[in-house]
Amino acid sequence: MNCSPYGLLGIDWNQLPATISPTVHMNILLRQVAAALFCAMAAGSACSAEPAAKLIPGTTFALQFPALPPTFYAVYQKTNVPAQMTVYLPTNFDPARKFPLLIFLNGGDGGVGGNPGVARSLCEGRDFVCVNLPLFKAPDYQVTNSSVPGAGYIMRAEDGRQMWPCFKTMLAKLEEMVPNIDPAHRILGGFSNGAHATAGLIDASDGEIARRFSAFLFVEGGGKLQHYELLKGKPFLMVSSNAKSRPRAQQICDAAKAAGAKATLIVEDVGKHDFPVSAYPAVRQWLRNPAME
C-alpha cells in the first residue's frame with residue numbers, strides 16, 4: 001500500500017494553482033492527515049495480527065498472567081512474581097499435525113511455572129507439547145514460617161477449586177497460541193504436592209478436569225482424591241519411590257482400578273520421597289502406549 005497522502009488521494013501538491021483559496025487548502029490538508037492516519041491504523045492492525053510467539057520446534061516460550069491471583073510460590077516465598085505458563089514445543093513439532101499435551105506440576109510450592117523440564121525429559125523432547133503451570137492456594141491459606149511447611153501446605157480440594165479458573169485462563173491462551181494440540185490426548189499429573197494438586201483439581205472442578213484430560217499421572221502423592229469415579233475408562237498411573245509410600249500407592253491404584261480406570265502402578269524404590277530418573281523409562285512407556293489409547 002502507498003501510504004503517501006498524494007498517492008492515496010491522487011493529488012500532486014506541486015500542480016495546485018497558486019491562487020488556491022485558504023479554505024480549499026485546509027480541506028486538502030485535512031484529507032492528507034486522514035489518509036496518514038488510515039495508513040498508520042492499517043499498519044498497526046497488520047502488526048497485531050502476528051502471533052506473540054513463533055512456534056519453532058525444540059524451543060520454549062513463557063507467558064505471564066499478571067491479572068491472576070498470586071501463586072502458591074508467590075504467597076509462600078512472600079514475593080511479587082506473576083503467574084506464568086511455560087511451554088516446550090517438541091523437536092518434531094509441525095503445525096500441520098496434532099500433538100498430545102503433557103502438563104506436569106512440580107512439588108512443594110509449585111515454583112513459578114517456569115520449568116517444563118520433567119515433562120520434557122519424560123518424552124525425550126519429542127512428540128508431546130510440554131507445559132509447566134504454577135500452583136494456587138485457596139484464599140484462606142496463611143504462611144506462618146516459610147522455612148517450615150505448616151498446616152494447609154498440602155494441596156487439597158479447596159485449592160483445586162481456586163486453581164481451576166486460573167488454569168482455564170492459562171489453557172485458553174495455550175490453545176490460542178498452539179491450536180494443534182490434540183483434544184483427545186491430554187495428560188495431567190505431578191509429583192508430591194503437584195500430584196495432590198492434580199487430585200484437588202479432579203475433585204473440585206465439577207468434572208471439567210476429567211472431561212478435558214484423557215489420562216492422569218500421580219507421583220508420590222494424590223492420596224486425598226475422593227472422586228475416583230471420574231477416572232473411569234481413563235489411563236491412570238501411580239508411581240511410588242520408596243517402601244514407605246508403596247502401600248498407599250497400591251491403595252490408590254486399586255481404588256482407581258475399582259472405579260473403572262485403566263490403572264497402572266510403577267514402583268522404583270530409591271529409599272526416599274522422589275521422582276527418580278530411573279523411573280522415567282517405565283513412565284515413558286506408559287505415556288507412549290496406555291496413555292495414548
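The values are calculated or read from the model by the stated rules, or taken from the named source; none is laboratory data. Please read all numbers here as calculations on a predicted model, not as lab measurements. Every residue, glycine among them, receives a Cβ derived from its backbone with ideal geometry; neighbour counts consider all protein chains shown.
How about the stretch 187-209: which of its residues are assigned to a helix (DSSP H, G or I) and without any contact (Cβ under 8 Å) to a residue 60 or more places away in the chain?
Just the residues of the stretch 187-209 that are assigned to a helix (DSSP H, G or I), to begin with: 193-204, 208-209.
The answer is 196, 199, 200, 201, 202, 203, 204, 208, 209.
Condition check: in a helix (DSSP H, G or I) and either among the hydrophobic types (A, V, I, L, M, F, W, C) or at pLDDT 95 or above (or both). Does residue 266 satisfy that? Reasoning before the result, please.
Details: in a helix (DSSP H, G or I): no; either among the hydrophobic types (A, V, I, L, M, F, W, C) or at pLDDT 95 or above (or both): yes.
No, not satisfied.
Return yes when residue 214 is assigned by TED's automatic domain parsing to the domain that holds residue 121, under 20 Å from residue 111 (Cβ atoms) and of a type in the set (S, T, N, Q) and no when it is not. Before the answer, list the steps.
Numbers: assigned by TED's automatic domain parsing to the domain that holds residue 121: yes; under 20 Å from residue 111 (Cβ atoms): no; of a type in the set (S, T, N, Q): yes.
Judged against the criteria, residue 214 is not a match.
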ask   = From the set of residues in the stretch 55-87 that are under 12 Å from the mean Cα position of the chain (by Cα) and of a type in the set (A, V, I, L, M, F, W, C), which is farthest from residue 154 (Cα to Cα)?
value = 61
message = Which residue is surrounded by the fewest Cβ atoms within 10 Å (Cβ to Cβ), if the candidates are limited to the stretch 150-178 and must be in contact (Cβ under 8 Å) with a residue 24 or more places away in the chain and not in a helix (DSSP H, G or I)?
response = 154
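If you check residue 209 against the conditions, is it in contact with a His (Cβ under 8 Å, 6 or more places away or on another chain) and at pLDDT 95 or above? Let's see the steps before the verdict.
Details: in contact with a His (Cβ under 8 Å, 6 or more places away or on another chain): no; at pLDDT 95 or above: yes.
Taking the combined requirement at face value, the residue does not satisfy it.
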note = Sole miss for residue 242 among (1) under 21 Å from the mean Cα position of the chain (by Cα); (2) crowded, with 17+ Cβ neighbours inside 10 Å; (3) not in a helix (DSSP H, G or I) is condition (1)
inquiry  = Can you find, within the stretch 245-293, the residue that is surrounded by the most Cβ atoms within 10 Å (Cβ to Cβ) among those that are among the charged types (D, E, K, R), within 30 Å of residue 183 (Cβ to Cβ) and in contact with a helix residue (DSSP H, G or I) (Cβ under 8 Å, 6 or more places away or on another chain)?
reply    = 262
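If we scan the stretch 87-99, do we find a residue that is more than 24 Å from residue 292 (Cα to Cα), in a strand (DSSP E or B), touching a Cys at 6+ places or on another chain (Cβ under 8 Å) and modelled with pLDDT of 95 or more?
In the first step, residues of the stretch 87-99 are kept if they are more than 24 Å from residue 292 (Cα to Cα); the result is none.
No.
Assess whether residue 127 counts as being of a type in the set (D, E, K, R) and under 27 Å from residue 293 (Cβ atoms). Before the answer, list the steps.
On the way: of a type in the set (D, E, K, R): yes; under 27 Å from residue 293 (Cβ atoms): yes.
It is true that residue 127 is of a type in the set (D, E, K, R) and under 27 Å from residue 293 (Cβ atoms).
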Evaluation of residue 147 against (1) within 19 Å of the chain's Cα centre (by Cα); (2) farther than 27 Å from residue 225 by Cβ; (3) hydroxyl-bearing (Ser, Thr, Tyr) (one fails), failing number = (1)
request  = Look at the stretch 52-82 and say how many of its residues are β-branched (Val, Ile, Thr) and loosely packed, with under 13 Cβ neighbours inside 10 Å.
outcome  = 2
message = Checking the condition buried (at least 18 other Cβ atoms within 10 Å of the Cβ) and in contact with a Pro (Cβ under 6 Å, 6 or more places away or on another chain), which residue from 215, 204, 210 passes?
response = 215
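Say we look at the stretch 83-139 and pick out the residues that are among the hydrophobic types (A, V, I, L, M, F, W, C), without any contact (Cβ under 8 Å) to a residue 60 or more places away in the chain and closer than 18 Å to residue 71 by Cα; which of these is surrounded by the fewest Cβ atoms within 10 Å (Cβ to Cβ)? Before the answer, list the steps.
Of all residues in the stretch 83-139, those among the hydrophobic types (A, V, I, L, M, F, W, C) come to 83, 85, 87, 89, 93, 96, 99, 101-105, 112, 118-119, 122-123, 128-131, 133, 135-136, 138.
Keeping just the survivors that are without any contact (Cβ under 8 Å) to a residue 60 or more places away in the chain gives 93, 112, 119, 129-131, 133, 138.
Those still in the list that are closer than 18 Å to residue 71 by Cα too: 112, 131, 133, 138.
Values: 112: 21, 131: 24, 133: 28, 138: 18.
Filtering the stretch 83-139 for residues that are among the hydrophobic types (A, V, I, L, M, F, W, C), without any contact (Cβ under 8 Å) to a residue 60 or more places away in the chain and closer than 18 Å to residue 71 by Cα, the one surrounded by the fewest Cβ atoms within 10 Å (Cβ to Cβ) comes out as 138.
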